[in-house]
Amino acid sequence: MSEEVQPHTQLTTAINTDRAIIMGDPARVDKAAKLLDNAKEWAYNREYKSVIGEYRGQRILLMSTGIGAPSAGIGVEELNNVGVKKVIRVGSAGAMQTGIDLGELIIGEGAVRDDGLTKQYVPAMYPAVPSFKLMALAHKYAPDAVYGIIRSHDGFYMDDNAETEAYWSSKGIVGADMESGAMMTIGRLRGMETLSILNNVVLYEGDLAAGVNSLVDGEELMAKGEIASLKLAMDILSDDSIKQ
Ligand SMILES: O=P(O)(O)O[C@H]1O[C@H](CO)[C@@H](O)[C@H]1O
Ligand SMILES: O=c1cc[nH]c(=O)[nH]1
């Protein structure tokens, strides 16, 4: 653990908790903060907005990490530096299979590491897997969520998106995001327990940009999915079996 102020997140060990919920969007931190008791903003530097509060008596840090593996990777490293050992990402995603509705929760049983960053940590054959303990708690609180392997990628606006998605869909991948693979890989290398809970904002083969715009506009099913995903992460992190 480091006593230093972390340069990007501005976190220190004074956060005094071993668990955090991370998300891409700083605006989601404000929505999540409303679900906590005694929520207090800790810092807001660059894309990293952090709030500390309590859920069912358990102290939890909320933090945004911006978009993409490099900024998520920095966030996870700095969380580890200040003693955080359990991290749940609550993100948005695109479905990779038909039949997954808007606002449905997709929980990553592993991630295809289609990012550039984590290959600089370990070869691509190293698996990106979540904590089995946190996963078991996900099943306890959300037995009906969609469970499967997700794909974390670097490029939102790729010319070959349709072909790439068809390929990974044919391999059974259930959803796509941009940070879960980095969190699972770097987290595991640093001895942290991680889990990824994603709110579906794009139907399979749907319009990516339109889906993300609807999330911003607060479309009802997506807004419900966002709150459900945050509550699920809080239920898991405050479960009696892993209470701090
Ligand atoms: O909603 P967040 O958590 O940012 O997650 C998803 O949304 C962004 C793309 O729109 C990427 O960060 C992707 O992973
Ligand atoms: O398809 C999607 C939707 C949101 N975010 C992604 O990374 N991909």
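Read-outs throughout are calculated quantities, based only on the coordinates presented, and are distinct from any laboratory measurement. Since the structure is predicted, the reported quantities are computational estimates derived from the model, not experimental observations. All Cβ positions, glycine included, derive from the backbone under ideal geometry; neighbour counts span all protein chains shown.
Brief remarks on what is shown
- Flag if residue 194 is within 30 Å of residue 57 (Cα to Cα), of a type in the set (S, T, N, Q) and assigned to a helix (DSSP H, G or I): no
- Members of the range 94-105 that are within 11 Å of ligand 2 (Cβ to nearest atom) and part of a strand (DSSP E or B): 94, 95
- Residue check, residue 211 small (Gly, Ala, Ser), within 11 Å of ligand 2 (Cβ to nearest atom) and not in a strand (DSSP E or B): yes
- Breaking point among (1) part of a strand (DSSP E or B); (2) within 14 Å of ligand 1 (Cβ to nearest atom), for residue 109: (2)
- Hey, residue 50 under 15 Å from the mean Cα position of the chain (by Cα), buried (at least 23 other Cβ atoms within 10 Å of the Cβ) and away from ligand 2 (no atom under 16 Å from the Cβ) or not: yes
- Count of residues meeting criterion [closer than 18 Å to residue 197 by Cβ, in a helix (DSSP H, G or I) and away from ligand 2 (no atom under 16 Å from the Cβ)] in the range 69-93: 3
- The range 157-180: number of residues that are away from ligand 1 (no atom under 13 Å from the Cβ) and buried (at least 16 other Cβ atoms within 10 Å of the Cβ): 6
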